[in-house]
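K.L.:
First, the structure itself, so that you have it in front of you.
Nothing in this text is a laboratory measurement; each read-out follows from the coordinates by a stated rule. Given the structure is predicted, the values throughout are model-derived calculations rather than measurements.
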Amino acid sequence: MTKATLSSDDWIRAGFRALSSGGVQAIRAEAIARDLKVSKGSFYWHFKDVPDLKAQMLAHWAGQATDAIIADVEGAGGSGQERLRRLVDEATGDRNLAYGGVPAEGAIREWARYDGAAAAVLKAVDEQRLAYVALLLARCGHSPASSRSGANILYGGLIGLEALASGELVDLRAEMHALLSALLEGESRRGV
């Protein structure tokens, strides 16, 4: 690859792979260039500096791991339950493989513990995701309080199960579908 054929998205994906395997300190132009088998000079073709890369990584993550998934789920249509199941499939699918796999989200959460910009993006993403899941649960007939609580449980389950899946201890998709089924079944038993 050359700087003419390598896109900023290629660098961003490589940045996420570095983040996933070595933490935020691994996001370095030289190391990423080595991973991409190009000169460090081609990095500057796309980014002003490493902080610029990090800012673009966060924006890209918010767009691809949240906005694009919600757009896909909404675009496919269906009932609230069908959309929730599709959302679980999308959130546990192969989209993140090019970005370092399952560990990527956990690495972003760790990054946000020490970086204000990452923390702000993470908070906005978490709020958007929780609101969307609550909306889907409301479409299933859940009360506003139950929708928000269910969203917290489902999203918290995803975060925890991703940590377990990183260690290959669970089947993330299967466990998330089981959790979603339990949430939906539990609410229907209460007469909603």
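K.L.:
Relative to the longest principal axis of the chain, what angle (0 to 90°, nearest 10) does the C-alpha long axis of helix 103-114 take?
P.N.:
On a 0 to 90 degree scale, this one is about 80.
K.L.:
While we're looking at this one, here's another question. What list of ³J(HN,Hα) couplings, whole Hz, do you get for the stretch 129-144 from phi and the Karplus terms 6.51, -1.76, 1.60, once you set θ to phi - 60° and write x for glycine and proline?
P.N.:
Going residue by residue, I get 5, 4, 4, 5, 5, 4, 4, 5, 5, 5, 5, 7, x, 6, 5, x Hz, with x marking Gly and Pro.
K.L.:
Quick query: amide H of Val170 versus all other amide H atoms, modeled in the peptide plane; which residues come in under 5 Å with a sequence gap of 5 or more or a different chain?
P.N.:
For Val170, the qualifying residues are Ala165.
K.L.:
Along the three principal axes, how long is the chain when you take its alpha carbons, biggest first, rounded to the nearest angstrom?
P.N.:
Largest to smallest, the principal-axis extents are 63, 33, 29 Å.
K.L.:
Counting residues in the stretch 1-100 as N, plug N into 2.2 N^0.38 Å and put the Cα Rg over that result.
P.N.:
Rounded to two decimals, the normalised Rg is 1.26.
K.L.:
I need the phi-derived Karplus couplings for the stretch 26-43: 6.51 cos²θ - 1.76 cosθ + 1.60, θ = phi - 60°, integer Hz, Gly and Pro marked x.
P.N.:
7, 7, 9, 4, 4, 5, 5, 4, 4, 4, 7, 6, 9, 6, 4, x, 5, 4
K.L.:
Mean separation of Cα pairs under 8 Å and 6+ residues apart, divided by the residue count of the chain: what relative contact order is that in percent?
P.N.:
21
K.L.:
Also, I was wondering about something else. Note the full-extension length gain between Asp35 and Asp72 as 0.36 nm times their separation in residues minus their Cα-Cα distance, in nm to one decimal.
P.N.:
The span from Asp35 to Asp72 would gain 10.2 nm if fully extended.
K.L.:
For the chain, compute the number of Lys pairs whose alpha carbons are separated by less than 18 Å, excluding pairs fewer than 8 positions apart on the same chain.
P.N.:
Here the count comes out as 6.
K.L.:
Let me ask you something else. Once every DSSP H run of n ≥ 4 in the chain is given -39500 (n - 2.57) and the sum is divided by its residues, what mean residue ellipticity at 222 nm do you get, rounded to the nearest 500 deg cm²/dmol?
P.N.:
-23000 deg cm²/dmol
K.L.:
If the chain between Ala178 and Gln81 were fully stretched, how many nm would it gain, using 0.36 nm times the residue separation less the Cα-Cα distance?
P.N.:
33.6 nm
K.L.:
Once the Cα atoms of the stretch 86-126 are picked out, what are the Rg and Dmax in Å?
P.N.:
11.5, 33
K.L.:
Normalised by the empirical 2.2 N^0.38 Å for globular proteins, what value does the Cα Rg of the stretch 48-125 take?
P.N.:
Computed over Cα atoms of the stretch 48-125, the ratio equals 1.22.
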